[in-house]
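Rule-based calculations on the coordinates, nothing more; no lab input. Bear in mind that the values here come from a model prediction, so they are computed numbers and not experimental data. Glycine also receives a Cβ, built like all others from the backbone with ideal geometry; neighbour counts cover every protein chain displayed.
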Amino acid sequence: MSDAFATVDPTPTDWKDAAMQRHLRKRYAAERRFKLIGLGAVLLSAGFLAVLLITMMSNGLSGFSQTEVRLDIGPAEAAAIASGNPEAALAEGVYSEGGWVRLRDAGVRQGQFWLPASAVIDVAAKGDGAAEAEAAYQRLDRQGRIRTRINFGFLTGADATDPTLVGIWGAFKGSLLTMIVTILIAFPIGVLSAVYLEEYAPRNRWTDMIEVSINNLAAVPSIIFGLLGLAIFLNFMHLPRSAPIVGGLTLALMTMPVIVIAGRNAIKSVPPSIRDAALGIGASRIQVVFHHVLPLALPGILTGTIIGMARALGETAPLLMIGMRAFIAAPPGGFTEPATVLPVQIFLWSDEVSRGFVEKTSAAIIVLLVFLLAMNGLAIYLRNRFEKRW
Amino acid sequence: MKTTTIALLLLGLGLVAWLAARGKAMAFVGAGKIRPHSLPNYHGWYVAIWGVVPALAFLAIWGNISGGLIFQTVMASPEAASLPTFGMQRSAVLGEAYALATGETAAAFNPQARALAPVYARAIAFYSWIGLAVTLLIAFAGGALAYSRVSPNFRARTRVERMVMAVLLVASLIAVLTTLGILVSLLFESLRFFSMVSPAEFLFGLNWSPQMAIRADQAGSSGAFGAIPLFWGTIFIGAVIAMIVAIPLGLMSAIYLTQYASPRVRAWMKPLLEILAGVPTVVYGYFAALTVAPAIRDFGLALGIPSSSESALAAGLVMGIMIIPFVSSMADDSIAAVPQAMRDGSLAMGATRSETIRKVLVPAALPGVVGGVLLAVSRAIGETMIVVMAAGLAANLTANPFASVTTVTTQIVQLLTGDQEFDSPKTLAAFALGLVLFLVTLALNIVALRVVKKYREAYE
């Protein structure tokens, strides 16, 4: 080290020197490059998000509309309907597989009747069909027998084998029931444990164990919770398979640590002066927490809860483990009936071979994303509106 | 009467008890002579809890044992003597009789069931009346006892608060129970698996084909459970490809947003990038399978590399995109934790901003970044839907990113869907894989948190 000091050149650096200028230019160029790489990384990441959303939009928006084909009821068709065999009236093969049910229920005997087009025609109408289907579509279009309507059935129906007849209401109701179970279990338990750990727990080995388990549970892969649900709720407690109650319990165990962690942070941020003031005028320790600390921490807790619920709403893997992947053609009637949920429905439809399911899958994804966005927006609103800064 | 009806009835009784006890307490507050120890509400809660909780507890226990009692009574009846002695037939008759007795079905196929149904109905009615009577007795006894104790000097608040504390403790123990539940259920099923397949074969075997033969003489009749190809696939997708995408992008985004971006840009871009972490994994999986995988297969074929439509690259790439916000926010935190003096010192010496970042900030923040990367890896190897939808099922040991590999989570889903028998090694293997996954992610998390914590302490 002493050598280094000894060899320092005492003459000042000449910054105007050509070599020095070159060196400086190089360093500034490196600076600009680095900054551009950083900007590039941000833009690339945002670009991925944009590509993802645009792909889903462009694939999925057509899923909300539906092509309909007009059936002209002639004497032959009328006879077929009257004889209780409406399928024969639809022998042309351009109508949806379940069209005869509508025809039968409508009770039309003459004139014209609009029916949903078959999946092949529907895909062709949206510009993505095979050559044959394209030709059939062109022919129908020339005859003026094609029209496009908003597909209300998609919002009110349940799963089906024909992509033109599927709906998401069944899966949505399953999600709703599952989320009700999840929040009823995870919220009280999560808030109460957060209160205990933050306000009352003595510092000892037991408390450490509780804290370690909560922190670990928050990082356990979701599929492990599925295995837990399978082993405990199905094989040990014999609760009904595929039911929202089992799904809700499993997701509750997964969501609870998130609520506990958010709750503890919210409770921690309430200043000690509030507690001291309440204790000073004679409130008991329980009254301090339940009358003063908890109401002040509630916006923070709710924000964390909504974020946890949004995560649970988008969760798929644990629900596959407990059998919520069955084909369910009717919306569930209760907590113990077989059901499926929105993300699992997306997964099931993504496995279908028929081209018509591509737009339905993307449309269901759009619905799911809208709900998640709304929940996260609500959480941000709550945080900005009600959270106090001390 | 149904159990839920009784429970609702009890809650109604609880409300009555609350009002009554509160009224009684109000009366001596109103008299004004003495200052009671507790507020009237606490007396109300005390009596309501004693009225409802023991009765509900009894109801829960009764619900579990009354089925057995009903069964015994039916078996003791003369009508049951003529039942088939055992097997399917017996349970079929009993099931039918039960359905008839509860009114689930209107008609029975079996004459013996028809004879047994009234016996069943009588037994059910008998025991449900006993249950109701005992429940109400407990409720009234508990409520009345508690009510009689309501007096100005009675310390109702202390008692109620003690109960609240007990509830709080129980709530916080549920997390421990969940952890124990995960460990016990995984260990229990894994032990059953390892009694059929040796752990050495599972952990070090190179061949994975878990199909069990239907006939014993079939080719490949004993499934092979060597999990090395699965572990390799998991590491290849989650720890190699995903991290090659996520670490540079996440780290550089964090550096740009914390060091260069204006506050307005930062305020918009940071939440935008966090949306990436909030998109459900099933959406990423669909994106990977529908858009990314075909593009990568075509690209690989154009390069002349043998490519599968379910390539490791597609799954890893999309998983990396999902992980970007995790890496970015961890890097953000650890860069922010580097003391300002270090940055100021470097800038004062004449270093440019990028030189300061590369030579001072990042090395100082490195332990935090490494911790964040470890957490991201643990998140990536436990991720299920992307690999289920975009990675393949073929257990290949290959380093070609355009080929198909399979992962631990994919195989768990694959093994546990479809027909399940809970004594075949095929199903139990899923739990063994789950145990490995649980232990590895646990270890990664503990190491990561320790690294982060140790480093934080160094600067504080």
- Task: Treat each spin label as a single point 7 Å out from the Cα along the C-beta direction, and report the A:Ser354 to A:Arg27 distance in nm.
- Result: 6.8 nm
- Query: Among B:Phe236, A:Phe236, what is the fewest-to-most ranking by other Cβ atoms within 10 Å?
  - Reply: A:Phe236, B:Phe236
- Item | Extension reserve of the B:Leu183-B:Met26 stretch, reckoned as 0.36 nm per residue once the Cα distance is removed | 51.3 nm
- Message: Taking the number of other C-beta atoms within 10 Å as the exposure measure, put A:His23, B:His37 in order starting with the fewest.
- Response: A:His23, B:His37
- Task: Could I have the simple spin-label model distance between B:Arg456 and B:Ser309, label points 7 Å from Cα toward Cβ, reported in nm to one decimal?
- Result: 4.8 nm
- Task: Only residues of the range A:76-95 count here: report those whose backbone N is under 16 Å from the spot 7 Å along Cα→Cβ of A:Arg149, or say none.
- Result: A:95
- In terms of modelled amide H atoms, which long-range or inter-chain residues lie less than 5 Å from the amide H of A:Ser65? A:Asn151
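Give, in nm to one decimal, the length gained when the segment between A:Ile274 and A:Arg104 is fully stretched (0.36 nm per residue of separation minus the Cα-Cα distance). Spell out each step's value before the answer.
Numbers: separation 170, 0.36 × 170 = 61.20 nm, distance 6.95 nm.
So the chain would gain 54.2 nm between A:Ile274 and A:Arg104.
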- Task: Taking the Cα centre of the range B:208-459 as origin, sum charge times position over the Cβ atoms of Lys and Arg (+1) and Asp and Glu (-1), and report the length of that vector in debye to the nearest 20.
- Result: 900 debye
- Query: In deg cm²/dmol and to the nearest 500, what is the mean residue ellipticity at 222 nm of chain A if only DSSP H runs of at least 4 residues count, each as -39500 (n - 2.57), divided by the residue total?
  - Reply: -20000 deg cm²/dmol
- Task: Quote the FRET efficiency, to the nearest 0.05, computed for A:Phe386 versus B:Leu8 with a Förster distance R0 of 30 Å and r equal to the Cβ-Cβ distance.
- Result: 0.30
- For the protein assembly as shown, give the magnitude of the charge dipole about the Cα centre (Cβ charges: +1 Lys/Arg, -1 Asp/Glu; no others), in debye to the nearest 20. 3120 debye
- Task: Determine the shape class of the range A:169-386: with a ≥ b ≥ c the square roots of the Cα gyration tensor eigenvalues, call it rounded for a/c under 1.5, and otherwise prolate if a/b is greater than b/c, oblate otherwise.
- Result: prolate
- Message: I'd like the mean, over residues of B:435-443, of how many other protein chain beta carbons sit within 10 Å of each residue's own Cβ.
- Response: 3
- Please work out the FRET efficiency for the pair A:Thr336 and B:Ser148, using the Cβ-Cβ distance as r and a Förster radius of 51 Å; give the result to the nearest 0.05. 0.80
- Using the membrane-span-like helix rule (whole DSSP H runs, Cα extent along the own axis of at least 24 Å, mean Kyte-Doolittle hydropathy at least 0.5), which helices of chain B qualify? B:3-31, B:40-76, B:111-149, B:156-194, B:312-336, B:362-382, B:425-459
- Message: How would chain A be classified by its alpha-carbon gyration tensor: rounded, prolate or oblate, with rounded meaning a/c under 1.5 and the a/b versus b/c comparison settling the rest?
- Response: oblate
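Dividing the alpha-carbon radius of gyration of the range B:3-154 by 2.2 N^0.38 Å (N being the number of residues), what value is obtained?
On the way: Rg = 23.0 Å, N = 152, 2.2 N^0.38 = 14.8 Å.
Compared with the compact-globule rule of thumb, the range B:3-154 sits at 1.55.
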- In nm, to one decimal, how far is the A:Arg142 label point from the B:Val447 one, both placed 7 Å along Cα→Cβ? 7.0 nm
- Note on the structure: Listing B:Thr427, A:Thr11, B:Thr281 by rising number of other beta-carbon atoms within 10 angstrom, fewest first, gives A:Thr11, B:Thr427, B:Thr281
- Using packing as a proxy for protection, rank A:374-381, A:346-353, A:203-210 so that the peptide with the highest average count of other Cβ atoms within 10 Å comes first. A:346-353, A:374-381, A:203-210
- Any of A:Lys360/B:Lys270; A:Lys126/A:Lys360; A:Lys35/B:Lys270; B:Lys2/B:Lys24; A:Lys173/A:Lys360; A:Lys388/B:Lys454 with alpha carbons more than 22 Å apart? Name them for me. A:Lys360/B:Lys270; B:Lys2/B:Lys24; A:Lys388/B:Lys454
- Task: Run the dipole for the range A:1-160 about the Cα centre, Lys and Arg Cβ at +1, Asp and Glu Cβ at -1, nothing else charged, and hand back the magnitude in debye, nearest 20.
- Result: 720 debye
- Is there a simple number for the mean count of other chain Cβ atoms within 10 Å of the Cβ of residues in B:263-274, and what is it? 2
- Query: What does the helix-only formula give at 222 nm for chain B: each DSSP H stretch with n ≥ 4 adding -39500 (n - 2.57), the total divided by the residues, and the result rounded to the nearest 500 deg cm²/dmol?
  - Reply: -24500 deg cm²/dmol
- Cut-off 17 Å, label 7 Å out along Cα→Cβ of A:Ile180, residues of the range A:321-356 by amide N: A:331-342
- Message: Which of the three applies to the protein assembly as shown, rounded, prolate or oblate, going by the alpha-carbon gyration tensor with a ≥ b ≥ c and a/c under 1.5 meaning rounded?
- Response: oblate
- Dipole of chain B, positive direction: furthest Cα of B:Ile70, B:Leu276, B:Trp50, with charges on the beta-carbon: B:Trp50
- Query: Within the P(r) computed for the range A:160-266, what percentage of the Cα pairs occupies the region above 21 Å?
  - Reply: 47 percent
- At 15 Å minimum axial length over the Cα atoms and a Kyte-Doolittle cut of 1.0, report the qualifying DSSP H helices in chain A, or say none. A:169-195, A:244-268, A:294-313, A:356-386
- Task: Using Cα pairs closer than 8 Å and at least 6 residues apart in sequence, work out the relative contact order for chain A, in percent.
- Result: 20 percent
- Task: Enter the Cα centre distance for the pair the range A:134-184 and the range B:43-63, rounded to the nearest angstrom.
- Result: 48 Å
- Expressed as a whole number, the average count of other chain Cβ atoms within 10 Å around the Cβ atoms of B:252-258 is 6
